[in-house]
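Comments concern the structure below.
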Amino acid sequence: MEDQAGKYNIKAVSKLLGIHPGTLRAWERRYQLIQPVRNDAGHRLYTDEQLKVLKWIINKVDNGFTISQAVELLDKHDYQEVMEEETANYNQIGKLKKDLLSSLLKFNETKSNELLDQAFGVFSTEKVVINILGGILADVGDKWEKKEITTAHEHFVTSFLRTKIGMVFHNLPVNGLLPKVICVCGPEERHEIGLLIFTFFLKRRGYETIYLGSGIPEDDVFLVVNEVEPKMIIISCTMSEYLKNTMQLAENLHNDFSYLSVGVGGHAIKGLYSTDDLKYNSFFVGDSEEEWTKWLKEKL
């Protein structure tokens, strides 16, 4: 039975799921998708179960269904079935990620390719790249920092991920109506996988991306921005020792190009989330697909 206790207002749901509040209201009106409870002020409040239903619907739309097809499919399920399907998908992704990471850390490329083929056969390309490969990237970074794995392990996994991500994102189509985005690593930063994953996320949505990668001097970044005149630039920083120069580059670009939206992401950025310095807040693209989507919507 559905829990009737509303917990999340529409702003929170929008942030958690990466869906615009107006879209959510339109879905409710047109399809009677869900009926959120109302507080004393008349504001919508969504339950945990309703949040999961919306996530299920969005997942179907992301995998090629129209909203009407997704709603029709939902009508053939009950809430319990939807909850069970969401849980099963989550568990399967977690298991594939765990098995693939274990195989990679054993330098077993053949088994790793088999597991990755299995993942692509079950889930969308975007879910595999962002949730599975991106999750492995985060886990490997943590293990390396804690000295739980060697540099050889980190390099092998990184090389594997770079190759696989590169194979899928070069063939994605571009939507000429969307703005150009430059993607570059911060000064001296050499870790590119996180930037590749974010670039894939952009290209999957049709953005024209100019991927510069690592090793680009700051002066060259400014030259490219002048020549290309992009709407956005994304800067990635993984290692904390390069964070200061990365944030300085972001600030310099923000000050010199009034039309440019500057975004910064990567493992090292987490160290700034808890600081009292708010001047960088608008730069942070976030850590999750939902936060990335929200940041992009705010900048368009």
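Given SER261, SER236, which one is polar (S, T, N, Q), within 22 Å of TRP295 (Cα to Cα) and in contact (Cβ under 8 Å) with a residue 40 or more places away in the chain?
It is SER236.
Applying the selection to region 133-149, what residues are within 13 Å of LEU104 (Cα to Cα) and not charged (D, E, K, R)?
LEU133, ILE136, LEU137, VAL140, ILE149
Across region 215-233, what is the total count of residues that are acidic (Asp, Glu) and touching a residue at least 40 places away in the same chain (Cβ under 8 Å)?
Residues in region 215-233 being acidic (Asp, Glu) and touching a residue at least 40 places away in the same chain (Cβ under 8 Å): 1 in total.
Just one of (1) of a type outside the set (A, V, I, L, M, F, W, C); (2) touching a Lys or Arg at 6+ places or on another chain (Cβ under 6 Å); (3) surrounded by fewer than 17 Cβ atoms within 10 Å (Cβ to Cβ) trips up PRO230, so point out which.
Result: PRO230 passes all but (3).
Please identify the pairs in which a residue from region 27-44 that is within 19 Å of VAL71 (Cβ to Cβ) and in contact (Cβ under 8 Å) with a residue 12 or more places away in the chain has its Cβ atom under 9 Å from the Cβ atom of a residue that is buried (at least 18 other Cβ atoms within 10 Å of the Cβ) and of a type in the set (Ser, Thr, Tyr), counting only partners at least 6 apart or on another chain.
So the pair list comes out as ILE34/TYR46; ILE34/THR47; PRO36/TYR8; PRO36/TYR46; PRO36/THR47; ARG44/TYR8.
Please give the number of the condition GLY42 fails out of (1) crowded, with 17+ Cβ neighbours inside 10 Å; (2) in a loop (DSSP other than H, G, I, E, B); (3) over 19 Å from the mean Cα position of the chain (by Cα); (4) not acidic (Asp, Glu).
Of (1) crowded, with 17+ Cβ neighbours inside 10 Å; (2) in a loop (DSSP other than H, G, I, E, B); (3) over 19 Å from the mean Cα position of the chain (by Cα); (4) not acidic (Asp, Glu), only one is false for GLY42: (1).
I'd like the residue in region 12-35 that is of a type in the set (Gly, Ala, Ser) and under 18 Å from GLU49 (Cα atoms) and, out of all such residues, is surrounded by the fewest Cβ atoms within 10 Å (Cβ to Cβ). Give the steps one after another, and end with the answer.
Filtering region 12-35 for residues of a type in the set (Gly, Ala, Ser) gives 12, 14, 18, 22, 26.
Filter once more, so that each one left must be under 18 Å from GLU49 (Cα atoms): 12, 14, 18.
Details: ALA12: 13, SER14: 20, GLY18: 19.
Across region 12-35, the extreme among qualifying residues is ALA12.
Each row is one residue, and each column tells you yes or no for (1) loosely packed, with under 13 Cβ neighbours inside 10 Å; (2) in contact (Cβ under 8 Å) with a residue 40 or more places away in the chain; (3) outside the structural domain of VAL228 (by TED's automatic domain parsing); (4) touching a strand residue (DSSP E or B) at 6+ places or on another chain (Cβ under 9 Å).
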{"position": "ILE132", "(1), (2), (3), (4)": "no, no, yes, no"}
{"position": "ASP142", "(1), (2), (3), (4)": "yes, no, yes, no"}
{"position": "ILE149", "(1), (2), (3), (4)": "no, yes, yes, no"}
{"position": "PHE156", "(1), (2), (3), (4)": "no, yes, yes, no"}
{"position": "LEU161", "(1), (2), (3), (4)": "no, no, yes, no"}
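Of all residues in region 251-266, which are crowded, with 17+ Cβ neighbours inside 10 Å and farther than 19 Å from LEU202 by Cα?
LEU253, HIS254
If you scan region 114-166, which residues turn out to be of a type outside the set (Gly, Ala, Ser), part of a loop (DSSP other than H, G, I, E, B) and closer than 19 Å to LYS203 by Cβ?
PHE123
What strands (runs of 3 or more DSSP E), lying completely within region 200-270, carry at least 2 residues that are under 30 Å from ASP62 (Cα atoms) and among the hydroxyl-bearing types (Ser, Thr, Tyr)?
Per the criteria, 208-213.
The values are calculated or read from the model by the stated rules, or taken from the named source; none is laboratory data. Values in this document were obtained by computation on a predicted structure and should not be read as measured data. Every residue, glycine among them, receives a Cβ derived from its backbone with ideal geometry; neighbour counts consider all protein chains shown.
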